[in-house]
Amino acid sequence: MHSVEDITQQLGAARAGDATALDALFPVVYEELKRLARAALQRERPGHTLQPTALVHEAYLRLVAQAVPDWPGRAYFFSLAASMMRRILVNHARDRAAQKRGGGLAPLTLSQAEAVAGQDIDLLALHEALEVLAGLDERQAQVVELKFFAGLEIDDIAAVLGISPATVRRDWSLARLWLGRELAA
Amino acid sequence: MNAARWRQLQVLLAPLLDLPAAQQDSALVQACAGDLALLAEARALLAHRDAVPEHLPAALLMQTIADGGGEAWIGRQVGAFVLEQRLGSGGSSTVYKARRINDFEQVVALKLLHARADASLVRRFERERGILAGLHHAHIAHLFDAGSCDDGTPYLVLEYIDGRTWDAWLAEEQPDLRRCVEQFLCIGDAVDYAHRHLLVHRDLKPANILVDRDGVPRLLDFGIATLLAGSDSTVTREGGRALTPAYAAPEQWRGEAVTTATDVYALGLVLYETLSGSHPFRQAGSAGRELLRGLDDSEAVRPSLRCSDRRRAAELKGDLDNIVLQAIEHEPARRYPSVRALADDLRAWLDGRPVAAQAHRWSYRAGKFIARHRAAAMAAGIALLALLLAGGVALRQTHLALEQGDRAQRRAAEVRRFATTVLFDYHEGIQKLAGSLPMQQRLVRDGLAYLQGLQADAGEDASLWRDIATGYIKVGDVQGNPYLANLGDFAGAARSYEAAAHSLARTTADPDITALHFEQARLLARQAHLAHQDTQLELARSRYAQAVALFQQLPGEFLARPDALVEYTDALDFYGDLLSREGQSSLLDAPGARRLHQLSAQLRTDALAREPDNPRLRYALYGSLLREGEYWAGQNDMARAEQGFVQALAAIEQLAAADRDDAFRQREVGVVLTRLVQVRDALGRLDESVDTALKALTLMEGMLARDPANDAIRQGVTSTTGWAARQLIKAGRHGEALPIIQRQIAVNEQRLRAAPDNPDIRFGLSLAYRRLGEQRHAAGDHAGALAAHRQALAIQQELAALAPEYALGANLSLLHIGRIELASGRVAAARENLAAAAQEFERLIALHADAVTYREELADAYAALGDAWRAAPTEHARSAAAYRAAVAIWDAFERDGSLSPRSAEKRAAAAARLPPPARQ
């Protein structure tokens, strides 16, 4: 399954509820995101920050938009890509945690030279908290996934989920409170 | 918590989200109405509102991706070290703690770059590591070595410092203001030390400053940003800039040269944050793009206003505010001239002495405002500018009248600075923009008034006179420097240059003799441009020669500065252009012109090797590439000519793409395309040449639509219309050519209304009529063709006395007219015109030996004359004589190897019409 037509077809089927189509699609988008990310990293200059939203949009352009510019499943693709970004990041955090236990590796802190501005966050804990939140309010969990892991803007999220930007903003703020408390606990 | 409880909490919390923290809790208590369990739960939620960041930290994503083999490095040997522990990762590299294997005990920080190790990076590493390793300073983390692993991954071996970053140190120690400044001065001294070793850091930021366990600040990564940025070709460097957004100076964003002033800026930002506790342009939660916008538009707020601690704010107010703001000026020239000067001011503050940094003046701020809001200034700024200038003059005069001695002196200096701001910085900004002409006209008028006012009071102040001269040169450039975006007012430009010359004559006592000679040389070159433009060729020649001689007297290190080098090499180029101008035997010196052009190209190439990203140098080198193409075209080596023009096109397209606002460079793209049209035509690739011509025309028309009053672009349109029409006619598409020719005539007439006596423009109009004549002829409309050629001839005959090329042009029209008369069967008229054309060509070619390119036309005239006599049975002898004259010319071409295939065809046709020898 390599051609763009195949991919859009599978996306359509997945959207219609065909779970096997989603399974078939997953590795393609997943690999594409990883490939784009590595390529982006090669291109980036020191100090430049890589944005998840750029990766997701580029993956969309490459896999879908070339063949079907006005594809109606755009929103669906983004939610799929967001969940993949999440999976990529969480898998990596898991690997690191495993290595840390096995290999006595120091915790990931940025002390020398390359400290990157921004808050540190325990991705595994966030992932688990998000699973719990999904049980309480699935839409809020989706908003977090799109906002945090795929880096989408409020308006884009509103379009993906078919709700108003104000609702997205409210969901995000409330979910942030909930997750914050979970992480602090 | 279950879903129902969460819904309940949401209903409670949602209305409170936008309230300030202080009101939130009281509102919460009220809303909970005594339900203490609910209140506790809501409070717990609000307590951690910032625990989840707004955005995924970029570092996490970077690490995830970078980790392809990150862990695999642990335990591996790199150079003489074995990697022990990963310390951290960023976009460009991963840093490990590493230990030396043999010899002696040494722990280092080993930095593996994520960069691809190409040969040039490795070479640069070899070259640079010696320099970097030579930096020894108490506050610089030492670089021990640099190299590349077996698989080519480049690495750096750095001193391992056990400490925390500057930010962490500030947050944890909460040092008082004096301590902050003292520690900051350590870093300043380190940067100053490196600058004196000719190294720029270019990536100064809190993360690159570590404070070790003894409280000593140490600077990391000196020279490394330079090492990395250099690895890219110019193209990618402009695409993805090597910088840290929050600490990059405006010139870095603009992709301009990075200098020690860039480090002054970054240090200023670090100082700003250190003193006030916040970054001047970073709002809470703002991403990179907003930060960039902040850098573009807003002037930094005084640090004291950003400081939440009231006592500290009071301490910052005044001197420290001024010091910080001077360090982070947008324009490098306005910052402290060196890190040393910044450090001196901070020491003065520590000692309670007066500092050099001053608060901004109102006039300066206003000028800056206009400079930043260039587009808006088109509309609103004109009035403000006028106000500024008028106000400035009045203010100055009042004060000069009242004040004496030192104060007047100071006042004059200030006024001068103001004038410089308005006339230079700000004009630089607007002149490139499409549609800025009205603004520029206003600038010229007000600028002249201003300079005249200044002259009246200049007295014997030599350096002020020099500044006035510089001002006049600038105004003259805007009015009518033919080689820059100009208003087409050449007479006005001549007057301004004259005024500049008078001002320079007052500066005999100028102690800065180099600056004076430089201004004189620049001025002479410009006066030469005008003389050339006005076909006073001998005058142009002598002025260029003087200018070049003056430039060559300047000290070598002065001439190596890009601005001086560009002025000098421009003079060489334009002098060379004059010497290669055809139709002027007294001046023509093709080898001399070639030498000037090659010298200029060489100087530019060398300078670019030193400063590969300097846009002015790149533009200058484009000029050399263009002339290389011209040279080979002149040598009739069209393949090499095409090569030169294609290179020039690539260079100028790159420059134009980098600055879409720059109308002048966009126009240059059209110029090169036009030259390619001619070359491809000569190479016999007619279809390509038509396409190229139409592309050029589309480009120029688009530009004129954006900037309809710009004469330089109008001229570009007339030239491209001419070529597009010519190629279309040649390709048999004369129908398509007609509207283009009508456009060519209209634009020329428009240009002529602005400059009624300009011979070049009048000649340009005559060429448009000639094109119309050719088009009418191709369409079979002989009467229309004749009328058009006669219109062209009438103009050309008026100009003929001014320069041989105009006379030759007139003669060419005679030839066209004669041919059409012949084609319409008016043999007598044809004979008369053709005989006159041949005779006149003979005369001109004899007079101007360099007009040899017109021998082809002479042959054409003879051949046509042969045709005209051949129609009469009794005149075969005359006919044969004419044909023989034509054939003899083509034979001569054949002997010197310049007979084109087309001429060979014409020769065969003429020879075939000669009567057989027996009947002669």
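Side notes on the structure shown:
- Checking B:ILE713 against (1) among the hydrophobic types (A, V, I, L, M, F, W, C); (2) at pLDDT 85 or above; (3) crowded, with 19+ Cβ neighbours inside 10 Å, the condition it does not meet: (2)
- Residue check, B:LEU565 touching a helix residue (DSSP H, G or I) at 6+ places or on another chain (Cβ under 9 Å), in a helix (DSSP H, G or I) and of a type in the set (A, V, I, L, M): yes
To keep it simple, each residue is scored yes or no on (1) at pLDDT 90 or above; (2) in a loop (DSSP other than H, G, I, E, B).
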| position | (1), (2) |
| --- | --- |
| B:ARG179 | yes, no |
| B:GLY188 | yes, no |
| B:ALA194 | no, no |
| B:ARG202 | no, yes |
| B:ALA207 | no, no |
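- Residues that are aliphatic (A, V, I, L, M) and within 30 Å of B:PHE763 (Cα to Cα), drawn from the stretch B:500-537: B:LEU523, B:LEU524, B:ALA525, B:ALA528, B:LEU530, B:ALA531, B:LEU537
- Helices (runs of 4 or more DSSP H) enclosed by the stretch B:213-278 - at least 1 residues per element that are modelled with pLDDT of 75 or more and among the hydroxyl-bearing types (Ser, Thr, Tyr): B:260-276
- Of all residues making up the stretch A:147-178, the number that are outside any loop (DSSP other than H, G, I, E, B), within 11 Å of chain B (Cβ to nearest Cβ) and surrounded by fewer than 23 Cβ atoms within 10 Å (Cβ to Cβ): 7
- Members of the stretch B:75-95 found to be modelled with pLDDT under 70 and in contact with a Gly (Cβ under 8 Å, 6 or more places away or on another chain), listed by number: B:SER89, B:GLY90, B:GLY91, B:SER92
For every residue, the table says whether it meets (1) assigned to a helix (DSSP H, G or I); (2) more than 15 Å from B:ILE468 (Cβ to Cβ); (3) without any contact (Cβ under 8 Å) to a residue 40 or more places away in the chain.
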site	(1), (2), (3)
B:ARG495	yes, no, yes
B:ALA501	yes, no, yes
B:LEU504	yes, no, yes
B:THR507	no, no, no
B:GLN527	yes, yes, yes
B:ALA540	yes, yes, yes
B:GLN546	yes, yes, yes
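- Selected residue [at pLDDT 80 or above, more than 9 Å from chain A (Cβ to nearest Cβ) and in a helix (DSSP H, G or I)] from B:ALA98, B:ALA44, B:ALA40, B:ALA72: B:ALA40
- Taking the listed residues B:LEU765, B:LEU802, the one that is touching a residue at least 24 places away in the same chain (Cβ under 8 Å), closer than 22 Å to B:LEU530 by Cα and part of a loop (DSSP other than H, G, I, E, B) is B:LEU802, with no other qualifying.
- Set B:ARG466, B:ARG506, B:ARG526: member being basic (Lys, Arg), more than 27 Å from B:PRO756 (Cβ to Cβ) and within 27 Å of the chain's Cα centre (by Cα): B:ARG466
- Taken as a whole, the condition of being free of Cβ contacts under 8 Å to residues at least 24 places away in the same chain and surrounded by fewer than 18 Cβ atoms within 10 Å (Cβ to Cβ) applies to B:PRO591.
- Screening B:ASN2 on (1) over 59 Å from the mean Cα position of the chain (by Cα); (2) over 17 Å from A:LEU130 (Cα atoms) shows it passes everything except condition (2).
- Residue selected from the stretch A:78-94 under the condition among the small types (Gly, Ala, Ser) and under 17 Å from A:VAL160 (Cα atoms), by the criterion nearest to the other protein chains (Cβ to nearest Cβ): A:ALA82
- Condition check for B:GLU774: within 16 Å of B:ALA709 (Cα to Cα) and either touching a residue at least 12 places away in the same chain (Cβ under 8 Å) or assigned by TED's automatic domain parsing to the domain that holds B:LEU487 (or both): no
The values are calculated or read from the model by the stated rules, or taken from the named source; none is laboratory data. All values derive from a computational prediction rather than experimental measurement. Positions of Cβ are generated from backbone atoms using ideal geometry, with glycine treated the same way; all protein chains shown enter the neighbour counts.
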